[in-house]
């Protein structure tokens, strides 16, 4: 395979990605701002429910594919994944707590969103063939938009972060699940 050839990810990894992305879509859609407009509250509830359905679909597809190959069973992949996630969590905890104690929770939320977005870039190298680079760019953009709106307007950054990140994860989860169930073994 040449470097310009697209990487074909196995179905089990795609199903697992759908489960994880769907689960986190539920969490981010549920992270709302105080007093959201009615339409936003409804939209995030629908997003959370869709994330739950897609996440369960990913779990069921992964269970059905239990005996098949998975990228995560390779030791080098597992180590790379754990390294990226460990660095992500360390940054989230240390700087998130510092920001929460100094400038307030709204800006800690922007930081959390940015770190989550950026962590998808090295993760895309560990797990190629998923749409992690696109997801990372989308979530990082949500963090930047939330920062600008939070500083320049009366819109709370959390009003952008929860729904924006939830939507990005929901799209990624739906794509992963669709790829997992439509491919032949």
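Residues in segment 150-177 that are surrounded by fewer than 24 Cβ atoms within 10 Å (Cβ to Cβ), at pLDDT 95 or above and more than 20 Å from residue 45 (Cβ to Cβ): 152, 175. Restricting attention to segment 75-114, the residues that are surrounded by 13 or more Cβ atoms within 10 Å (Cβ to Cβ) and at positive phi total 0.
The values are calculated or read from the model by the stated rules, or taken from the named source; none is laboratory data. Quick caveat, the model's predicted, so the values are computed rather than measured. Quick reminder, even Gly has a Cβ in these numbers, built from the backbone with ideal geometry, and neighbours come from all protein chains shown.
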